[in-house]
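Accompanying notes for the structure given below.
The values are calculated or read from the model by the stated rules, or taken from the named source; none is laboratory data. From a predicted model like this one, the values you see are computed outputs, not experimental measurements. Neighbour counts are summed over all protein chains in view; Cβ atoms, including those assigned to glycine, are modelled from backbone coordinates with ideal geometry. We work out accessible area using only protein heavy atoms, side chains counted, and drop any ligands, DNA or RNA first. Shrake-Rupley method; radii C 1.70, N 1.55, O 1.52, S 1.80 Å.
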Amino acid sequence: TIIDFLARLKPNSTVVRFNGGGQAAHNVVTPDGRHHTFAQFGSGTFVPAVRTHLSGKVVVDPVTLIAEEEHLRTVGVTDAFSRLTIDENALVVTHYQKIVNRIREILRGDAKHGSCGMGIGETMADALAAPDPPAIRVRDLRDWEVLRSKLYFLRARMVQNLLEHTERIVAHEELRGMMDLLASPTYLDEVHDKLWRSAMRFKIVSGNYLRVLADRGHLLFEGAQGVLLDEWYGFHPYTTWSTTTCENARTLLNDIHYTGRVERIGVLRAYAVRHGAGPFPTEDATMTKALPDTENVEGRWQGPLRVGHFDAVLTRYALAVCGGVDSLAITNLDRGIEQRSFVDEYWDKSANGYISMLPIKAQREDLAFQEQLSKRLAQMEPVVL
């Protein structure tokens, strides 16, 4: 909603997606009642002439991108693809990563991470762990042979990596079906054909194209997930494989030697929410029941949307790991809550005292620290005012 609002103020703009991928679910309802859940297209797409750029920091899902464009047509946006550009270096998520993502989540049993089941984490893991052959990038979608070769090796590597779970997979009917699909030569043909044909629908550009867009007008950077899900500063292991702070946006601007004005706007609701598993100190069952979200319903992989009191402790932490913001946009103030409540501090059992700010680690890639923080957070008792 905030991106849509800004796009209407600055109609000669490009919405730049700088993290995440097709798992985003950003709902916009126009004054005339049209509604769309934006996943990969920028949330300013209802505004005529506003463009979308999927940067090299995005994990692109070409198949769901086409499905999203088809829905946009039903609500009156018929030129979404002509206003879209995609960085050739962006990673591509395939059906194979989605299958493996779901297999791993089922295998976790009661220790589920709350994944969206969209294969984002698996795609990032493949890119980091297996340089030979290199990961599938958007530019590969235009090369029939290269795409097929990479899909073939990707599938083989995934099957190999799952061999240690063979006994559990064989004993589980749904997992057996997923493995059969993963190993099917016919399915490989289908995946290849869908990906190759999808690239005919959108414009693929070089990494420095963002400079061209910056010269044309305003850039509106739209994040894909909340800061508290950040791959390095979120509460591990209930996180995303994506940098959700402002860091990617700053990097993209530095790459094109941008020296203009930058304004950082933090966006949050008037109450706390969490979709899926993980620590949530201010969660309140009464609020969850009173504040349903019809566009964020319980999912097979994520689980339910959970609601709680406004949390100033976690808000301070999010602002700190982002390096601060210039302003805050608080949404959902119009939703019906009989009595507003908030939490300004927790009772920390381990320290036998009250805290109003969580510790921030000294080293960025210290996931052990974040896991301990996650466990500690789960034991906090919020002081509700």
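For the range 347-355, does any single residue satisfy the condition of being over 28 Å from the mean Cα position of the chain (by Cα), among the hydroxyl-bearing types (Ser, Thr, Tyr), modelled with pLDDT of 95 or more and open to solvent by 50 Å² or more (accessible area, probe 1.4 Å)? Walk me through how you get there before you give the answer.
The first filter runs over the range 347-355 and keeps only residues over 28 Å from the mean Cα position of the chain (by Cα), leaving 347-355.
Imposing the further condition that a residue be among the hydroxyl-bearing types (Ser, Thr, Tyr) reduces the set to 350, 354.
Adding the requirement that they be modelled with pLDDT of 95 or more leaves 354.
Filter once more, so that each one left must be open to solvent by 50 Å² or more (accessible area, probe 1.4 Å): 354.
Looking through the range 347-355, at least one residue is over 28 Å from the mean Cα position of the chain (by Cα), among the hydroxyl-bearing types (Ser, Thr, Tyr), modelled with pLDDT of 95 or more and open to solvent by 50 Å² or more (accessible area, probe 1.4 Å).
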Flag if residue 80 is over 17 Å from the mean Cα position of the chain (by Cα) and closer than 17 Å to residue 40 by Cβ
yes
So is residue 235 under 29 Å from residue 292 (Cβ atoms) and in contact with a helix residue (DSSP H, G or I) (Cβ under 7 Å, 6 or more places away or on another chain) or not?
yes
For the range 11-67: of the residues being closer than 23 Å to residue 135 by Cβ and of a type in the set (D, E, K, R), which is surrounded by the fewest Cβ atoms within 10 Å (Cβ to Cβ)?
57
Going residue by residue through the range 102-115, is there one that turns out to be within 30 Å of residue 30 (Cα to Cα), assigned to a helix (DSSP H, G or I), in contact (Cβ under 8 Å) with a residue 24 or more places away in the chain and touching a Gly at 6+ places or on another chain (Cβ under 9 Å)?
no
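Only one residue in 328, 333 is in contact with a Gly (Cβ under 9 Å, 6 or more places away or on another chain) and surrounded by fewer than 14 Cβ atoms within 10 Å (Cβ to Cβ). Which one?
On the way: 333 fails: in contact with a Gly (Cβ under 9 Å, 6 or more places away or on another chain).
The conditions single out 328.
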Residues that are of a type in the set (D, E, K, R) and within 28 Å of residue 293 (Cβ to Cβ), drawn from the range 331-374:
334, 335, 338, 340, 344, 345
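Among the residues of the range 162-186, which ones are in contact (Cβ under 8 Å) with a residue 12 or more places away in the chain and surrounded by 12 or more Cβ atoms within 10 Å (Cβ to Cβ)?
Filtering the range 162-186 for residues in contact (Cβ under 8 Å) with a residue 12 or more places away in the chain gives 162, 165, 168-169, 172, 174-175, 178-179, 181-183.
Selection gives 162, 165, 168, 169, 172, 175, 178, 179, 181, 182, 183.
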May I ask you to list pairs of residues, at least six apart or on different chains, whose Cβ atoms are under 8 Å apart, with the first in the range 19-47 being closer than 14 Å to residue 72 by Cα and the second being basic (Lys, Arg) and part of a loop (DSSP other than H, G, I, E, B)?
46/34
Go through the range 241-284 residue by residue and tally those that are of a type in the set (Val, Ile, Thr) and open to solvent by 20 Å² or more (accessible area, probe 1.4 Å).
6
